[in-house]
Amino acid sequence: MSDIKKILDNAKKRMIEKGADKGQIFVTESEAREFNVESGEFTLLRTVFTSDINIIVYKAQRKGEYYTNRIDDEAVNNGVDMAVTSTESGEYDEAYDIAPYQGNIQADKGVYEPDTDMLFTRTKELIDDITKNHPKIVINRLIVSHNRRHMVFGNTNGTFCDEYIGSYGISLGIAAHEGDKSTSLRNSFAVTDNLDKPFIELGNIRNHILITESQLAAEPMEGKFTGTMVVMPDCIGMFISPLSNFVSDYSILNGTSIWLNKLGEQVADSRVTIKIDPCDKRIICGETLSFDGFKSEPYFLIKEGRLESFMINQYTSKKTGYKQAKNGSFSVVMDRGDRSVNDIIGSIDRGIIVGGFSGGQPGINGDFSGVAKNSFLIENGMITRPVTEVMINGNIADMFMNIEGISEETVCDGYDVLPYMAFNGIIVSGK
């Protein structure tokens, strides 16, 4: 492994020598050890090493940037020189800046040294469990890994960050087969900082297996109705993520956000509280430092239905006057509701449970349309049957103002903490 702190120090020194007024540098080295399994058989064990450096400099309020995956002396020196030189063709902008001094930050998160034997044991245990207890399930792809990274950051205001992080990850692709019937591929992900639990208990993996089995009985839905959509936790992120379009740097800078003048106002049901919190202990190896060089802290995006913050960086904040976000992650932690998911389903006359969604980005006004996957029909408060070939249409902003319920159950996959959510007024269309 390289002495990346020395590389950082030398790059900062050269940056100033070449005439930069200010700047920042990230240097990282990463290592991934992984097992690959295809059709239930181990096919590959490998270790992959990567390294990179990202250099941003400002000179006379003009920006220069350079990235390379080489961190030898020649590559780093050339990168600094290229970044400084590129400022000459950059546009002048008073909003360009780096973060003020954040201190000397030391971070050690997760598990940096892997237990490779136990990782193999847990992997084989998952394969054996699926083979024995779920014979209709075929493992099309399974990647189990330990990933670790050493990152150092420094800027010309004196901030220094030295971070070591490590975690175990699982990426599972499954389908169900029985006779001439088969289902589409279902992907499941989870990350953890220990091997205390069987992999089937992580995130929503067990539920995904059961849902995939049940989809063998799925039939195309006919007709069209407006009803309630219950979204599973691992899918709800697909509907929360588009909210970022209303609060992102791009939409705020360009004035296209439909929430541009909504700070402090109600934009969602009062039961909705969404926190962006990489510091939550359930988030594995969450962000320590934003890409702007600010120490990451949690903040509320939406609190009790009110819009509390935009998700903007330092540059956008200086351009618009709005307060910048307190971190640069998208580690979503949602407050649980006060009803069980079964109680919520029992209150629905007609609706659909959605475990996956395939569709394009919502329009600038929040309108969306796409295919509901791993879905089940709800009739008179009961889950009646799995269905396929179902389209769902609605508006993201309207959805969050028209909520039937939020579950008391939550699922954490190491990336996010999310409940089940039920939205009224969704158009559901079959064949």
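Per-residue ellipticity at 222 nm for the chain, helices alone: DSSP H runs ≥ 4 residues times -39500 (n - 2.57), over residue total, nearest 500 deg cm²/dmol?
Roughly -6000 deg cm²/dmol at 222 nm, from the helical runs in the chain.
How far apart, in nanometres, would the label points at residue 69 and residue 10 be if each is projected 7 angstrom from Cα along the Cα-to-Cβ direction?
The answer from the label model is 2.2 nm.
Which label belongs to the value computed from this structure, given these candidates for Kirkwood radius over Cα pairs in Å: (1) 25.7; (2) 23.9; (3) 23.0?
(2)
Can you work out ³J(HN,Hα) from phi for every residue in segment 234-240, in order, using Karplus 6.51 cos²θ - 1.76 cosθ + 1.60 and θ = phi - 60°, giving whole Hz and x for Gly and Pro?
For segment 234-240, the Karplus-derived couplings read 6, 9, 4, x, 5, 9, 6 Hz, x marking Gly and Pro.
Heavy atoms only, probe 1.4 Å: what % of the accessible area of the chain goes to carbon and sulfur, would you let me know?
Carbon plus sulfur share of accessible area: 46 percent.
What whole-number value in Å² describes the accessible area per residue of segment 277-431 for a 1.4 Å probe?
Normalised by residue count, the accessible surface of segment 277-431 is 43 Å².
Assigning unit charges at the beta carbon (Lys, Arg +1; Asp, Glu -1) and nothing else, what dipole magnitude in debye, to the nearest 20, does the chain show about its Cα centre?
440 debye
In whole angstrom, how far apart do the alpha carbon centroids of segment 250-280 and segment 284-357 sit?
8 Å
Straight distance only, please: which lysines reach the Cα of residue 6 with their own Cα at less than 30 Å, same-chain residues fewer than 8 apart left out?
Straight-distance partners of residue 6: 18, 22, 59, 63, 109, 295, 326.
Determine, from the Cβ-Cβ distance of residue 282 and residue 85 and an R0 of 56 Å, the FRET efficiency 1/(1 + (r/R0)^6), rounded to the nearest 0.05.
Between residue 282 and residue 85 the formula returns 0.80.
Are there trypsin sites (Lys or Arg not before Pro) in segment 40-139 that DSSP marks as loop and that have at most 13 other Cβ atoms within 10 Å, and which are they?
Listed in order of number, the matching sites are 70.
From the phi angles alone, apply the Karplus equation (6.51, -1.76, 1.60; θ = phi - 60°) to segment 348-363 and give each ³J(HN,Hα) in whole Hz, x where the residue is Gly or Pro.
9, 6, 8, x, 8, 9, 10, x, x, 9, 10, x, x, 4, x, x
Two decimals, Cα atoms only, Kirkwood Rh: what is Rg/Rh over segment 1-110?
1.13
What whole-number value in Å² describes the accessible area per residue of segment 1-53 for a 1.4 Å probe?
54 Å²
Give the long-range amide H neighbours of residue 417: residues separated by 5 or more places, or on another chain, with amide H under 5 Å away, using H modelled in the peptide plane at 1.01 Å from N.
HN-HN under 5 Å from residue 417: 332, 333, 334.
Are there chymotrypsin sites (Phe, Trp or Tyr not before Pro) in segment 55-119 that DSSP marks as loop and that have at most 14 other Cβ atoms within 10 Å, and which are they?
92, 101
Check the straight Cα-Cα distances from residue 373 and name the lysines below 28 Å, setting aside those fewer than 8 residues away within the same chain.
132, 136, 181, 224, 275, 431
Put +1 on the Cβ of every Lys and Arg and -1 on every Asp and Glu Cβ in the chain; which of 258, 57, 191 then has its Cα farthest towards the positive end of the dipole?
258
What whole-number value in Å² describes the accessible area per residue of segment 59-160 for a 1.4 Å probe?
Ligands and nucleic acids excluded, the figure is 53 Å² per residue.
Quick check: residue separation of residue 187 and residue 365 times 0.36 nm, minus the Cα distance between them. What number comes out in nm?
So the chain would gain 61.1 nm between residue 187 and residue 365.
The values are calculated or read from the model by the stated rules, or taken from the named source; none is laboratory data. Since this is a predicted model, take the numbers as computed values, not measurements. Don't worry about glycine lacking a Cβ; one is built from the backbone with ideal geometry, like all the others, and counts go over all protein chains shown. All accessible areas refer to the heavy atoms of the entire protein, side chains included, with ligands and DNA or RNA removed. Shrake-Rupley method; radii C 1.70, N 1.55, O 1.52, S 1.80 Å.
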